[in-house]
1. Can you tell me how many residues in the stretch 6-41 are among the β-branched types (Val, Ile, Thr), closer than 29 Å to Asp93 by Cα and outside any strand (DSSP E or B)?
2. Quick check on my filter: what residues within the stretch 89-140 are among the small types (Gly, Ala, Ser) and loosely packed, with under 14 Cβ neighbours inside 10 Å?
3. Residues to consider are Val152, Val162, Val233, Val157; find the one that is among the hydrophobic types (A, V, I, L, M, F, W, C), at pLDDT below 70 and surrounded by 10 or more Cβ atoms within 10 Å (Cβ to Cβ).
4. Return the total of residues in the stretch 86-120 being not in a helix (DSSP H, G or I) and not hydroxyl-bearing (Ser, Thr, Tyr).
5. Quick one: which residue in Ala173, Ala123 is in a helix (DSSP H, G or I) and modelled with pLDDT under 90?
6. May I ask you to say which residue of Val83, Val73 is surrounded by 16 or more Cβ atoms within 10 Å (Cβ to Cβ), assigned by TED's automatic domain parsing to the domain that holds Arg132, at pLDDT below 90 and part of a strand (DSSP E or B)?
7. Quick test for you: out of Leu92, Leu99, Leu135, pick the one residue that is touching a strand residue (DSSP E or B) at 6+ places or on another chain (Cβ under 7 Å), of a type in the set (A, V, I, L, M, F, W, C) and over 30 Å from Arg36 (Cβ atoms).
8. Quick check on the stretch 29-45. Is at least one of its residues among the β-branched types (Val, Ile, Thr) and in contact with a Phe, Trp or Tyr (Cβ under 9 Å, 6 or more places away or on another chain)?
Amino acid sequence: MIDATTVVIVILGLYLLSSIKILREYERGVIFRLGRALTQPKGPGVILVFAPLDRIVRVSLRIDTLEVPSQDVVTRDNVTVKVNAVIFFRVLDPRKAVLEVSNFLYATSQLAQTTLRSVLGEAELDELLSQREQLNVRLQSILDQHTATWGVKVTMVELKQVDLAEQMIRALAKQAEAERERRAKIIHAEGEYSASEKMAMAAEVLQKQPAAIQLRYLQTLVEIGTEKNTTIVFPLPLDIIASLGRALDRTGQPPAPGAEIHQP
């Protein structure tokens, strides 16, 4: 028959085996001994948890992601948008994460939602669409400041999607179209200005060499002839027209005072 000593040894052996806990490399165990938390968390590796005197709470140190559901946000310029985000965080102090807050995941989620609405409510729609990086940094800084007392470090905040109303999408499309038209007109005007400057420079060169304009006329005729055009252009130099005008002015002048007029 089995004596009492053997039974006690077997029970003690089973108790010791059940007290052995293995924590992974990314896990830490906060030990409560008689209701009091030990100063330092245990792990990783093999640890002993002597139940019912001890109770262990496992905490993961890996980076975790938390998706913030879509929030109805009214921007500073009174535009209603739906914005959702994702938060990347990790536990730096397992003891604080267990003692300072009942559920740090739920608390971080609720804090992220309220912070998202308050921060984006202070920004205008243009800032929300074009300056997401600055808003992400600001959200991360505010969340990290509040979660530091819980032993939680917020490493990154990213705005995922911004949903606008259909009317606002059409208004933004019209604004973008008007902006493109404005840029096109400015570019066209700059091209006209540059072309006029070049033409003025060319006119100065042609004015210094009157024969150059004749060569330009001949070159124009050659270009027209290569296109197999039936229209024939005879260039008429402007200096000939000016000479004829001066001759007509001289013949049409009235006689000088005192001159005799002979009638037939």
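1. Narrowing the stretch 6-41 to residues among the β-branched types (Val, Ile, Thr): 6-11, 20, 22, 30-31, 39.
With closer than 29 Å to Asp93 by Cα added as a condition, the list becomes 20, 22, 30-31, 39.
Now narrow it down to the ones that are outside any strand (DSSP E or B): 39.
The qualifying residues number 1.
2. Start the filter on the stretch 89-140 by keeping residues that are among the small types (Gly, Ala, Ser), which leaves 97, 102, 107, 109, 112, 118, 121, 123, 130.
Within the stretch 89-140, Ser102, Ser118, Gly121, Ser130 meet the criteria.
3. Numbers: Val152 fails: at pLDDT below 70; Val162 fails: at pLDDT below 70; Val157 fails: at pLDDT below 70.
Matching residue, one of Val152, Val162, Val233, Val157: Val233.
4. Step one: of the stretch 86-120, the residues not in a helix (DSSP H, G or I) are 86-93, 100-103.
Filter again for not hydroxyl-bearing (Ser, Thr, Tyr), leaving 86-93, 100-101, 103.
Adding up the residues that qualify gives 11.
5. Working: Ala123 fails: in a helix (DSSP H, G or I).
Criteria check complete, one pass: Ala173.
6. Details: Val83 fails: at pLDDT below 90.
Val73 is the lone residue from the list that is surrounded by 16 or more Cβ atoms within 10 Å (Cβ to Cβ), assigned by TED's automatic domain parsing to the domain that holds Arg132, at pLDDT below 90 and part of a strand (DSSP E or B).
7. Numbers: Leu92 fails: over 30 Å from Arg36 (Cβ atoms); Leu99 fails: over 30 Å from Arg36 (Cβ atoms).
One residue alone meets the criteria, Leu135.
8. Going residue by residue through the stretch 29-45, those that are among the β-branched types (Val, Ile, Thr) are 30-31, 39.
So of that shortlist, the ones also in contact with a Phe, Trp or Tyr (Cβ under 9 Å, 6 or more places away or on another chain) come out as none.
The answer is no, given that none of the residues of the stretch 29-45 is among the β-branched types (Val, Ile, Thr) and in contact with a Phe, Trp or Tyr (Cβ under 9 Å, 6 or more places away or on another chain).
The values are calculated or read from the model by the stated rules, or taken from the named source; none is laboratory data. This is a predicted model, so every value here is computed, not measured. A quick note on method: Cβ atoms are made from the backbone with ideal geometry, for glycine too, and the neighbour counts reach across all protein chains shown.
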